[in-house]
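Report on the structure given below.
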Amino acid sequence: MSTDAPAADSTPGRPVRLDSEADLDALVAEHERVLVEFYTEGCALCASIEPVIGNVARAHDDLAVGVVNPRDDPGLIERFQIQSAPTLVLFEDGEIVGRLASGFQGGDAIDAFLEDPDSV
C-alpha cells in the first residue's frame, strides 16, 4: 500500500490506495466488509467517481474502501475479470458478494449496492 495510506488494520475514513494484489488481499483479510474500486489512469468516469468513493468511505464506519489500478498489477485483471473501469467489487468476510461495473455511479446507487449487492 502506498506510504500515505492508513494502516490496513484500521477502518479508514477515506479510500486506501492499493499498489498490488498483495495489498488488496491484506485489506480484505483485515476487514469484514471491503469495497474496492478498480480504476485506470486517464479514465474520465474513474476521475468523476473518485469524490463519490471518498464520501462513501466517510459515510460507512463498517466499510473499508480501497482503490487500485489493475494495470499496476496485471494479475488483478484476470483474477477479478476486470473488463471496464470503474468497476466496484464488494467483499464480505473475504468473499466477493457483489460487483458493479456500470460506469459512473452516484452515492445513492453505491449505497443501494452496499445494502443489497444483488439488487443492482
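Test Leu114 against the criterion of being surrounded by 12 or more Cβ atoms within 10 Å (Cβ to Cβ) and not in a helix (DSSP H, G or I), and give yes or no. Show your work before the answer.
Details: surrounded by 12 or more Cβ atoms within 10 Å (Cβ to Cβ): yes; not in a helix (DSSP H, G or I): no.
Answer is no for this residue.
For the range 50-67, name all the residues that are of a type in the set (Val, Ile, Thr) and more than 23 Å from Asp25 (Cβ to Cβ). Explain how you work it out, then say what you get.
Within the range 50-67, the first condition is being of a type in the set (Val, Ile, Thr), and the residues that meet it are 52-53, 56, 65, 67.
The answer is Val52, and nothing else.
Please enumerate the residues belonging to the range 28-43 that are more than 23 Å from Ala112 (Cβ to Cβ) and in a helix (DSSP H, G or I).
Once the filter is applied, which keeps residues that are more than 23 Å from Ala112 (Cβ to Cβ) and in a helix (DSSP H, G or I), the range 28-43 yields Ala29, Glu30.
Picking from Ser48, Ser10, Ser20, which residue would you name as being hydroxyl-bearing (Ser, Thr, Tyr), over 20 Å from Asp108 (Cα atoms) and at pLDDT 95 or above? Give the steps one after another, and end with the answer.
Values: Ser48 fails: over 20 Å from Asp108 (Cα atoms); Ser10 fails: at pLDDT 95 or above.
Of Ser48, Ser10, Ser20, the one residue that is hydroxyl-bearing (Ser, Thr, Tyr), over 20 Å from Asp108 (Cα atoms) and at pLDDT 95 or above is Ser20.
So Ile77 ticks every box in (1) out of contact with any helix residue (DSSP H, G or I) (no Cβ under 6 Å at 6 or more places or on another chain); (2) without any contact (Cβ under 8 Å) to a residue 40 or more places away in the chain; (3) under 17 Å from Leu18 (Cβ atoms) but one. Which box is left unticked?
(1)
Would you check if Ile53 is in a helix (DSSP H, G or I) and surrounded by 21 or more Cβ atoms within 10 Å (Cβ to Cβ)? Before the answer, list the steps.
Working: in a helix (DSSP H, G or I): yes; surrounded by 21 or more Cβ atoms within 10 Å (Cβ to Cβ): yes.
Yes: the conditions hold for Ile53.
The values are calculated or read from the model by the stated rules, or taken from the named source; none is laboratory data. All values derive from a computational prediction rather than experimental measurement. All Cβ positions, even for glycine, are placed from backbone atoms using ideal geometry, and neighbour counts span all protein chains on display.
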